[in-house]
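Enquirer: Submitted below is the structure of interest, expressed as structure tokens.
The values are calculated or read from the model by the stated rules, or taken from the named source; none is laboratory data. The structure displayed is predicted, hence computed values, not measured ones. Here the Cβ positions follow ideal geometry from the backbone for every residue, glycine too, while neighbour counts run over all protein chains shown. With ligands, DNA and RNA removed, areas are computed over all heavy atoms of the protein, side chains included. Shrake-Rupley method; radii C 1.70, N 1.55, O 1.52, S 1.80 Å.
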Amino acid sequence: MTSQSTATLRSRYAERAASDLEENRHQQEELAKALVRLKHEEALLVDILSLAARHEGLLGAAELPAQKESGTVIPAGRPVQPPAQQTTGRSAHLRERRLKRVLAESGAKGKSRQPLLGEILTALLGAHPEPRLAKELHAELTAEHPDRSPTPQVVRNTLESLVAKGQVQRHKQQRSVLYTLADDARGGVLTER
């Protein structure tokens, strides 16, 4: 092996290592963001359970998952403290809106229910004749329904559930997965030739 080929090989290894390091750091950033999001969701769920316990006395009948693991029981009617977290103004605002919605739903026994995520997604798909990416549907959902904030993975899982039920069709283009409303769900009639 010549010294020039050795130098070329070393430079390729160095470039590859630098590229791998950059990708590693990018993945670490994404995981850190996901961890922050999950901690926020955990705090929100604890708040919702606490709210439900105060308004319906459910806490005495059912333990929280964390209580089952630790063996501690919180008396009914006593608020559960959410884990410490840093919240932005927007996330605190969204949390407050969700809590108000839960309060309104608990007091509104005879009123109409909020549409399910699957119903909203089928309505969004029905508005577009062309196939849509799950990412596009997620963006549309959060824009039209700011009170709903499912993760992109929840949107994909719901779409796959609708595919399994035959309400939505899945299309693959290269590495992308697109979704359309099934012809039966559109109310369209298939004609035979």
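Enquirer: Look at the range 127-159 and say how many of its residues are farther than 16 Å from L181 by Cβ, open to solvent by less than 60 Å² (accessible area, probe 1.4 Å) and of a type in the set (D, E).
Expert: Of the residues in the range 127-159, 1 are farther than 16 Å from L181 by Cβ, open to solvent by less than 60 Å² (accessible area, probe 1.4 Å) and of a type in the set (D, E).
Enquirer: When residues of the range 163-193 are filtered for being among the β-branched types (V, I, T) and either open to solvent by less than 80 Å² (accessible area, probe 1.4 Å) or at pLDDT 90 or above (or both), how many remain? Spell out how you get there, then give the answer.
Expert: Of all residues in the range 163-193, those among the β-branched types (V, I, T) come to 163, 168, 177, 180, 189, 191.
After this cut, where a residue has to be either open to solvent by less than 80 Å² (accessible area, probe 1.4 Å) or at pLDDT 90 or above (or both) as well, the list is 163, 168, 177, 180.
Within the range 163-193, residues that are among the β-branched types (V, I, T) and either open to solvent by less than 80 Å² (accessible area, probe 1.4 Å) or at pLDDT 90 or above (or both) number 4.
Enquirer: Is it the case that A92 is farther than 29 Å from L159 by Cβ and at pLDDT below 90?
Expert: Working: farther than 29 Å from L159 by Cβ: yes; at pLDDT below 90: yes.
Against the criterion (farther than 29 Å from L159 by Cβ and at pLDDT below 90), A92 qualifies.
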